[in-house]
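A.B. asks: Below are the structure tokens for one structure; questions will follow.
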Amino acid sequence: MGRMLFSSQHNTANNDPFERALANRGQKFKENIFTLLVYCCAFTLPTLLVFAAYELTTKCMPTVSKFGISFLFNHDWNPVSGHFGALPFLYGTAMSSGLSLLIASFLGLGTALFLTEFSPRWIQKPLIILIQIISAIPSVVWGLWALFELIPWLQKYVVPFLKDHLGFLPFFQGNFYGVSMLSGSLVVAIMILPIMISVTIEMIKSVPSIYKEAVFALGSTHWESIRIGVLPFIKKGLLGVAILGLGRAIGEAMAVTMVIGNKPEISLSLLSPAYTLSSVLANEFAESTSELHISALYEIALLLGAITIVVNLLAQLFIHGLEPLDFTKLFGKENQKKNLS
Amino acid sequence: MSFFQKLTFFLGVLTIPYLLGMSGLFFGHSPPILNGAGGSFPYPLYSKWYFEYTKIDPSVRFNYQPIGSGGGIHQLLSHTIDFAGSDSPIPDSLITGSSREVIHIPTVAGAVVIAYNLANVPLLNLNKETLSGIFLGEITRWNDPRIVFLNPQATLPDLPIVVIHRSDGSGTTYIFTEYLSKISQRWAILAGKGTSVRWQIGIGAKGNAGVAAAIKTINGSIGYIELAYALQNGFPMAAIQNQIGQYVAPSMESVTKAFPRSFDHKDFRISLTDSAEEGAYPIAGLTWILLNINSTPPLRLECLIKFLSWALTDGQTYVLPMDYAPLPSSLRQNVLHLLEEVRRKNSLSAFPWSQRRSCWLLVGKECKISCPNLAIFKNK
């Protein structure tokens with residue numbers, strides 16, 4: 001379609017059948033309408049993003065002018081007296097998404113390696129389908145499952161074990177009441193795993209098998225062939241996958257709100273309740289009445305949006321194997337050639 | 001036909017019934033829709049009311065979105081809805097102005113119960129000192145002498161008290177923190193009252209269901225839940241000492257008893273917490289429908305007033321079966337009186353013809369039947 005359009009604009013030769021068909025004015029009119037429509041479609045989402053950013057920025061001006069940069073470093077959140085600081089939420093978000101990423105990275109890489117290198121053919125397909133189904137389960141279902149199944153299990157078996165063997169660490173201090181940083185991170189880890197596994201599998205598959213075969217030819221074991229012939233080529237991509245998972249983990253609200261305990265306090269212990277940026281939005285937005293409270297929530301939303309966008313951009317850069325700001329490689333062909341040669 | 005032509009044809013066919021439905025708007029056949037938004041606590045009852053009322057008066061329809069009291073208030077003040085439902089009253093600063101004069105119409109009452117999880121303790125008495133002490137984090141164990149003293153019949157275990165509170169902003173939290181602010185100076189200074197406050201201790205859980213789930217799973221926990229939810233789910237509830245020294249268990253009757261004998265006849269922002277009445281449960285509160293009487297189109301306001309008058313008379317039969325505490329009849333009479341007054345002012349108030357006309361177009365023909373005294377506008 002694009003080819004037809006462009007060629008019709010500098011209309012010189014009439015022997016092309018496409019040109020003759022387009023000589024019809026009505027046809028041209030239709031083409032123009034179509035072009036306009038496509039342009040509109042393409043610009044809808046970017047325009048929305050700009051508007052959303054503008055709206056968030058104007059709405060959060062009252063808190064920005066009142067608290068300034070101290071909003072980020074203050075740990076007092078008191079809607080009644082009108083003192084707002086986002087530090088506990090920033091800490092909670094960083095900690096919970098970092099922990100869930102840690103868990104999900106190991107599980108994800110392990111699963112992907114098994115599915116591409118070790119698994120028998122007949123089990124490969126069903127397993128991949130099952131993993132993709134997991135990503136279709138709504139967040140609130142995971143939250144309920146965690147509340148009624150995961151937490152009792154943690155209380156009964158996991159936490160006593162952790163306390164017995166690792167109780168001296170600062171991460172496992174204090175009483176465990178079920179809802180906690182640990183439960184929240186586990187739920188998020190489960191939720192970000194499917195996408196991480198799928199992307200990792202694609203990346204491993206894209207590594208040409210000649211490398212691995214070459215390593216085999218030198219007399220290596222199966223594991224060595226993976227370590228030398230596969231992993232070094234996807235190092236950067238793995239980082240990208242991790243950042244992609246991180247972006248998802250930061251934004252997750254519903255399931256986390258249900259199990260993290262919603263306590264705006266900074267504590268090293270994973271067993272104590274915490275609070276995240278997205279949970280405070282989910283919790284307090286509907287019932288906030290004072291101007292300043294709403295404004296503070298808008299600023300939290302802006303922070304959350306900015307963090308997720310930056311993280312996702314980073315993920316895009318790493319996954320597509322680009323050096324940051326090297327736009328010459330943006331058009332994949334040269335890139336692929338380079339990989340193959 | 002190509003695929004796209006088929007698709008366009010199919011979509012076109014689909015829009016025909018939609019356009020036919022829309023045409024009702026222009027020819028005045030569809031009933032006016034009164035838009036409301038606000039608290040989710042009274043939502044089940046309001047839905048029932050709308051359903052029953054439209055059977056009697058099919059000329060109106062309701063659309064109520066339970067988005068939370070705060071959201072409802074904001075939408076009402078920015079004139080995007082006709083009425084709001086709220087579990088907490090609006091302060092004066094927000095409701096006086098040229099374009100806004102908001103009146104509070106109380107509809108039903110609710111209460112907040114203190115639920116707990118202690119094996120073999122079916123009854124628990126708490127007074128002001130112990131309740132505020134627990135939620136301030138000053139009383140940390142169940143066998144604290146202050147609690148044991150109030151409950152000589154119970155065997156209280158040597159367990160830490162785990163406080164569970166609502167993490168989402170809610171009217172339930174407002175009622176509970178308003179009560180705590182009244183009974184404890186320290187609470188009023190440290191936390192205050194509001195739909196979300198800075199909790200001194202404890203774990204936040206989302207919604208009544210979240211708090212209930214947390215209480216069920218954590219041994220030695222205590223938290224507050226909305227009365228109807230606790231009754232429907234059979235939780236052990238603490239009896240609270242009221243202002244005149246009685247220990248009262250939460251129930252519909254003890255909530256209705258909390259209404260004061262005398263009150264302001266114009267402003268119904270009545271607080272029911274810490275009531276001094278005989279047999280009153282102290283942690284109770286009202287829920288209101290808010291009307292913006294200065295800027296709602298008169299015909300819509302008229303329809304709303306008719307609906308509210310019905311709700312406070314015939315509509316009362318649906319209140320108790322749905323686990324809400326009804327208003328006492330003396331208060332209802334006063335509210336009806338105020339509604340009548342607003343209605344008279346509304347229909348007699350002089351406003352320019354153009355404005356009247358626009359209201360007329362907005363609401364449609366049908367309202368003439370349900371609001372006969374407004375027919376005068378049409379003839380002028």
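A.B. asks: What number, in percent, do you get for the relative contact order of chain A if the mean sequence gap of Cα pairs under 8 Å and at least 6 apart is divided by its residue count? Let's see the in-between values first.
C.D. replies: Values: 393 pairs, mean separation 79.0, N = 341.
Here the relative contact order equals 23 percent.
A.B. asks: Another question about this same structure. For the pair A:Val50 and A:Glu31, how long in nm is the line joining their label points, each one 7 Å along Cα→Cβ?
C.D. replies: Distance between the two pseudo-spin positions: 2.8 nm.
A.B. asks: Going by Cα centres, the range A:34-51 and the range A:170-211 are how many Å apart?
C.D. replies: One Cα centre to the other: 35 Å.
A.B. asks: How much FRET efficiency would the formula 1/(1 + (r/R0)^6) give for B:Asn346 and B:Ser271, where r is the Cβ-Cβ distance and R0 is 30 Å, rounded to 0.05?
C.D. replies: Working: r = 28 Å, r/R0 = 0.94.
With R0 = 30 Å, the Cβ-Cβ based efficiency is 0.60.
A.B. asks: Leaving out same-chain residues fewer than 8 places away, which aspartates and glutamates sit with a Cα under 16 Å from that of B:Lys206?
C.D. replies: Within reach: A:Glu252, A:Glu284, A:Glu287, B:Asp168, B:Glu226.
A.B. asks: Please check which bits of the range B:141-157 a label hung off B:Arg186 would reach, taking the label as a point 7 Å along Cα-to-C-beta and the cut-off as backbone N under 15 Å.
C.D. replies: Label zone hits: B:141, B:144-147.
A.B. asks: Once you list every other residue whose beta carbon is under 9 Å from the beta carbon of B:Ser170, what net charge do they have if Lys and Arg are +1 and Asp and Glu are -1? Numbers along the way, then the final one.
C.D. replies: Working: positive: B:Arg166; negative: A:Glu287, B:Asp87, B:Asp168, B:Glu226.
Net local charge, B:Ser170 excluded: -3.
A.B. asks: Let me ask you something else. Sorting B:Tyr247, B:Tyr179, B:Tyr318 on the 10 Å Cβ count, fewest up front, what's the list?
C.D. replies: B:Tyr247, B:Tyr318, B:Tyr179
A.B. asks: Right, another one. What ³J(HN,Hα) values, in whole Hz, does the Karplus curve 6.51 cos²θ - 1.76 cosθ + 1.60 give for the range B:257-272 when θ = phi - 60°, with x put for Gly and Pro?
C.D. replies: Values per residue, Gly and Pro as x: 5, 6, 5, x, 5, 10, 8, 5, 8, 10, 10, 9, 7, 7, 9, 9 Hz.
A.B. asks: Apply the Karplus curve 6.51 cos²θ - 1.76 cosθ + 1.60, θ = phi - 60°, to the phi angles in the range B:46-63 and return the couplings in whole Hz, x for Gly and Pro.
C.D. replies: So the J values, rounded to whole Hz, are 4, 4, 4, 4, 4, 4, 5, 5, 5, 5, 7, 10, x, 7, 10, 9, 10, 9.
A.B. asks: Mind checking the full-extension length gain between A:Phe216 and A:Asp76? Use 0.36 nm per residue of separation minus the Cα-Cα distance, one decimal, nm.
C.D. replies: Values: separation 140, 0.36 × 140 = 50.40 nm, distance 5.94 nm.
Contour length minus the Cα-Cα distance gives 44.5 nm.
A.B. asks: Hey, what angle do you get for helix A:181-206 against the long axis of chain A, alpha-carbon based, 0 to 90 degrees rounded to 10?
C.D. replies: Helix A:181-206 sits at roughly 30 degrees to that axis.
A.B. asks: If you don't mind, there's one more thing I want to ask. Using amide H atoms built in the peptide plane, which far-off residues or other-chain residues are under 5 Å from B:Ser221 H to H?
C.D. replies: Residues meeting the criterion, in which the H sits 1.01 Å from N, are B:Asn117, B:Val162.
A.B. asks: Give me P(r) over chain A, computed from all C-alpha to C-alpha distances, binned every 10 Å, as integer percentages.
C.D. replies: P(r) for chain A, in whole percents per bin: 5, 18, 23, 22, 16, 10, 4, 1, 0.
A.B. asks: Return a whole-number percent for the relative contact order of the range A:100-216, with Cα pairs under 8 Å and 6 or more residues apart as the contact set. Walk me through the numbers on the way to the answer.
C.D. replies: Working: 67 pairs, mean separation 61.9, N = 117.
Relative contact order for the range A:100-216 comes out at 53 percent.
A.B. asks: Okay, moving on. Express in nm, to one decimal, how much length is gained between A:Ser290 and A:Trp122 on full extension, taking 0.36 nm for each residue of separation and deducting their alpha carbon distance. Intermediate results must be reported in sequence, preceding the final value.
C.D. replies: Numbers: separation 168, 0.36 × 168 = 60.48 nm, distance 5.98 nm.
Full extension from A:Ser290 to A:Trp122 adds 54.5 nm.
A.B. asks: Please report how far the C-alpha centroid of the range B:173-240 lies from that of the range B:245-317, rounded to the nearest whole angstrom.
C.D. replies: 22
A.B. asks: Not counting the cut sites, what is the longest span of chain A without chymotrypsin sites (Phe, Trp or Tyr not before Pro) that DSSP labels loop and that have at most 10 other Cβ atoms within 10 Å? Write down the numbers at each step before the final one.
C.D. replies: Details: sites that count: A:Phe168, A:Phe331.
Counting at most 10 other Cβ atoms within 10 Å as exposed, the longest clean stretch of chain A is A:1-167.
A.B. asks: Also, quick follow-up: What are the ³J(HN,Hα) couplings of the range A:30-45, residue after residue, when phi is run through the Karplus curve with 6.51, -1.76, 1.60 and θ = phi - 60°? Round to Hz, x for glycine and proline.
C.D. replies: Here the 3J(HN,Hα) series is 4, 4, 5, 4, 4, 4, 4, 4, 5, 4, 4, 4, 5, 8, 4, 5 Hz.
A.B. asks: Between A:Val140 and A:Ile266, what is the label-to-label distance in nm when each label sits 7 Å out along the Cα-to-Cβ direction?
C.D. replies: 3.4
A.B. asks: Now, a different point. Which pairs in the list B:Lys182/B:Lys257; A:Lys263/B:Lys182; A:Lys66/B:Lys128; A:Lys59/A:Lys235; A:Lys235/A:Lys263; A:Lys156/B:Lys182 are over 30 Å apart, alpha-carbon to alpha-carbon? Each step should come with its number before you reach the end.
C.D. replies: On the way: B:Lys182/B:Lys257 19 Å; A:Lys263/B:Lys182 24 Å; A:Lys66/B:Lys128 37 Å; A:Lys59/A:Lys235 41 Å; A:Lys235/A:Lys263 37 Å; A:Lys156/B:Lys182 41 Å.
Violating the 30 Å Cα-Cα cut-off are A:Lys66/B:Lys128; A:Lys59/A:Lys235; A:Lys235/A:Lys263; A:Lys156/B:Lys182.
A.B. asks: Would you work out the Kirkwood radius for the protein assembly as shown? I mean one over the mean of 1/r across all pairs of different Cα atoms, in Å. Let's see the in-between values first.
C.D. replies: Working: mean 1/r = 0.0332 Å⁻¹.
That comes to 30.2 Å for the protein assembly as shown.
A.B. asks: May I pose another question? At most 13 other Cβ atoms within 10 Å and a DSSP loop assignment: could you name the GluC sites (Glu not before Pro) in the range B:243-280 that fit? Can you show the working numbers first?
C.D. replies: Working: sites: B:Glu253, B:Glu277, B:Glu278; in loops: B:Glu277, B:Glu278.
Here the sparse-neighbourhood loop sites are B:Glu278.
We did not get these values from a lab; they are worked out from the coordinates using the rules stated. Keep in mind that this is a model prediction, so the values were computed, not measured. In this analysis, Cβ positions are derived from the backbone assuming ideal geometry, glycine residues included, and neighbour counts consider all displayed protein chains.
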